[in-house]
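To start, the structure itself, in structure tokens.
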Amino acid sequence: MNKRPLRIGLEPVSVIGAGLAGCEAAFQLAERGLAVRLYEMKPHKHQPAHKADTFAELVCSNSLRSDRLQNGAGLMKEEMRRLGSLILWAADQTRVPAGGALAVDREGFSRLVTERIEAHPNIEVVHEEVQSLPDGPAIVATGPLTDGPMLDAIQGLFGPGLHFYDAAAPVVTLESLNMEKAFRASRYARGSDYINCPMTREEYFAFVRELIAAETAPLHEFETPRVFEGCMPVEVMAGRGEMTLAFGPLKPVGLRDERTGSKPFAVVQLRQDDAAGTLYNLVGFQTNLKFGEQRRVFGMIPGLENAEFVRYGVMHRNTFLPSPGKLDWRYSVKERPGLYFAGQITGVEGYVESAGSGLLAGIGLARELAGKEPLDFTVQTALGAMAHYVAEYAGADFQPMNINFGIMADLPNAPRGKAERYTAIAERALAVIDGIIANKL
Ligand SMILES: Cc1cc2nc3c(=O)[nH]c(=O)nc-3n(C[C@H](O)[C@H](O)[C@H](O)COP(=O)(O)OP(=O)(O)OC[C@H]3O[C@@H](n4cnc5c(N)ncnc54)[C@H](O)[C@@H]3O)c2cc1C
């Protein structure tokens, strides 16, 4: 990677938070010759999920998910490698065997990122808690557990609308649904907006039994039961009585399967989740079940036997901005030129996506300070599609999202098979990235 000399005399750019996003953003700025002051409050203060004193700490799993190009996270990682990502470089150096996934030795990974950041001639690390938003150019990457005066400052900037908990139902791809079992209809024959998965009495009770017995993810001590206020996990609701769901979110009222003329005993409804109509969420299914259990138990729902989950249901502490309309696709605050956000706090979901947003924010701010035109990675790339999702999501309930092919532009005349189509979309994305590198970066 090229090292350019520090631009002497210029006020340093502030990056707040040396997590995955902050380290990537600081590195991208520094590699473009900008002086960076990276603020990290560790070791003086740790957020509740953080244990180590080093940077880019992986707070839970040590996996950066699939390394296959036919997977959204795999494609995003390859885009990041080509763009000179620090996080991907460190992950590749510290890789441990994990089948088709990129998993890392977490301590080695975090140590390598820390060393590379500390040794960079253009980066000065300051170990202190930042309590307000800087006036000058800055990238804020304080993570999903942002708290205290910084949280107050961010709230002051965005006003009401900041989210504190992520309580989301799973999202599946339309093409993975079995439409021989499911059918389209809205209640009382008012259109066909919903996809309905009808259940017989036997299927319903078998499902409820498994749902109640399924394994849930442990709550962290900082995630009090307040998480569930006004938004009860589907498994908790099921535990209140065997008919609770049938009279609640699974009620069959006003729904008839026109193909058979029958009225189901219970119905799971799926609502469109993206503008393109490729993704659907399970209505009322916010859940704390472990991801594998979601695949197993929700796979019992007729029509979802082979469902592809592009995001699992979650209920956890997660502070994120009301980004759509307020950030642009560089992760820049529209009303505050020079101020960017990056990482999970923007509404991206996951390690790779957090680092990816840091990469785009770093490039975006470096170009802005150099007086260059904004660079749109477009919805043809995984990095760009994630940024456009965050900036432009048009639905009523903005929720963090993992990268997936459903939020990327489809290919006209795409091959019919899913694997072939995803391969073609990935090849196009990498060609766009290579073009950006060759022409503009
Ligand atoms: C409990 C939990 C488990 C998760 N598990 C996974 C998982 O298994 N897989 C996955 O893909 N994603 C997971 N995520 C989601 C997400 O990928 C991670 O939270 C990821 O670390 C986000 O990266 P980030 O850079 O945005 O924030 P972080 O990695 O949290 O980094 C933020 C940094 O900013 C520092 N900081 C905060 N405030 C200040 C301040 N005011 N001044 C100075 N420094 C400050 C913090 O000390 C920290 O180092 C999890 C999230 C949580 C909360």
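In table form, for the structure just shown:
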read-out: Residue check, residue 104 in contact with a helix residue (DSSP H, G or I) (Cβ under 8 Å, 6 or more places away or on another chain) and either closer than 16 Å to residue 20 by Cβ or surrounded by 23 or more Cβ atoms within 10 Å (Cβ to Cβ) (or both); value: yes
read-out: The range 25-58: number of residues that are part of a helix (DSSP H, G or I) and within 16 Å of residue 343 (Cα to Cα); value: 5
read-out: Positions within the range 75-95 being touching a residue at least 40 places away in the same chain (Cβ under 8 Å) and over 21 Å from residue 22 (Cα atoms), in sequence order; value: 75
read-out: Condition met for residue 83 (more than 18 Å from the chain's Cα centre (by Cα) and assigned by TED's automatic domain parsing to the domain that holds residue 18); value: yes
read-out: Qualifying positions in the range 343-377 - surrounded by fewer than 24 Cβ atoms within 10 Å (Cβ to Cβ), within 11 Å of the ligand (Cβ to nearest atom) and under 18 Å from residue 324 (Cα atoms); value: 349
read-out: Positions within the range 55-66 being farther than 21 Å from residue 99 by Cα and surrounded by 19 or more Cβ atoms within 10 Å (Cβ to Cβ), in sequence order; value: 55, 56, 57
read-out: Conditions (1) more than 30 Å from residue 128 (Cα to Cα); (2) in a strand (DSSP E or B): number failed by residue 166; value: (1)
read-out: Residue in the range 103-117 that is within 22 Å of the chain's Cα centre (by Cα), assigned by TED's automatic domain parsing to the domain that holds residue 150 and in a strand (DSSP E or B) present; value: yes
read-out: Residues within the range 33-75 that are more than 12 Å from the ligand (Cβ to nearest atom) and under 28 Å from residue 389 (Cβ atoms), tallied; value: 10
read-out: Test: residue in the range 257-274 that is more than 17 Å from residue 199 (Cα to Cα), at pLDDT below 95 and either touching a Pro at 6+ places or on another chain (Cβ under 6 Å) or assigned to a loop (DSSP other than H, G, I, E, B) (or both); value: yes
read-out: The range 412-441 - residue that is part of a loop (DSSP other than H, G, I, E, B) and surrounded by fewer than 12 Cβ atoms within 10 Å (Cβ to Cβ) and, of those, modelled with the lowest pLDDT; value: 440
read-out: Residue match in the range 141-159 (condition: within 12 Å of the ligand (Cβ to nearest atom) and on the phi > 0 side of the Ramachandran plot); value: yes
read-out: Single unsatisfied condition, residue 377 versus (1) at pLDDT below 95; (2) outside any helix (DSSP H, G or I); value: (1)
read-out: Filter pass, residue 325 being closer than 30 Å to residue 232 by Cβ, surrounded by fewer than 23 Cβ atoms within 10 Å (Cβ to Cβ) and either away from the ligand (no atom under 11 Å from the Cβ) or at pLDDT 95 or above (or both); value: yes
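Condition check ((1) touching a Leu at 6+ places or on another chain (Cβ under 7 Å); (2) farther than 18 Å from residue 170 by Cα; (3) small (Gly, Ala, Ser)) across all residues:
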{"site": "387", "(1), (2), (3)": "yes, yes, yes"}
{"site": "395", "(1), (2), (3)": "no, no, yes"}
{"site": "414", "(1), (2), (3)": "no, yes, yes"}
{"site": "418", "(1), (2), (3)": "no, yes, no"}
{"site": "426", "(1), (2), (3)": "yes, yes, yes"}
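The values are calculated or read from the model by the stated rules, or taken from the named source; none is laboratory data. Since the model is a prediction, treat every value here as computed from it, not as a measurement. Ideal geometry is used to build each Cβ from the backbone, glycine not excepted, and the neighbour counts take in all protein chains shown.
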